[in-house]
1. Are there any helices (runs of 4 or more DSSP H) wholly within segment 1-120 with 3 or more residues that are at pLDDT 85 or above and not basic (Lys, Arg), and if so which?
2. Only residues in segment 79-105 that are farther than 14 Å from GLN62 by Cα count as the first member; pair them with residues that are surrounded by 13 or more Cβ atoms within 10 Å (Cβ to Cβ) and acidic (Asp, Glu), Cβ under 6 angstrom, at least 6 apart or cross-chain, and list the lot.
Amino acid sequence: MTTPPLVPPFVGQPPPPPPPPQQQQQQQQQAQAARDVNTSSLCRIGQETVQDIVLRTMEIFQLLRNMQLPNGVTYHTNTHQDRLGKLQEHLRMLSVLFRKLRLVYDKCNENCAGLDPIPPEQLIPFVEDDGSKHEDRSGGQSHLTSEERREILEVNKKLKQKNQQLKQIMDQLRNLIWEINSMLAVRS
């Protein structure tokens, strides 16, 4: 699918030759890539759509607030028709945005259908000394195997050792800085 030239060919000129097959394949691949949007891009598009919906809704309420009720007061029909037209346009755009948001939502769900949902509790790290407390909280979650527990305990032990080493280094640096400050105070 090629776009027609902007300038029509002169009379008597032959039409331009069709693009080579490689160029047609590239154009088809680019069109396919444009259609295959990843989930993060869809989420960004959805976020922008929600922002547009909120903006349009605020504009609708602003128009409604500025409209005068026909309670016996004379009003200009041109102004009223203009505001009514703007309101209808905003409502039409709002329905288009909601349809777009529904499409994005459906596409995201379709892309994420094969993924296993991870409970948020597993994404948040926490520290406990007793492993039984974690098992009581998890309830229906699968229990860790003894090998996984052993690995976790081993990593925790190494982490505590490293933390202890860092604490000793910090204490040594604190003492060194204190001695340097003391020597500077005595010198002056």
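The values are calculated or read from the model by the stated rules, or taken from the named source; none is laboratory data. Remember, predicted model here, so these are calculated numbers, not experimental data. Positions of Cβ are backbone-derived with ideal geometry, glycine not excepted, and every protein chain shown enters the neighbour counts.
1. On the way: elements: 21-35, 39-66, 77-111.
Correct list: 39-66, 77-111.
2. LEU97/ASP52
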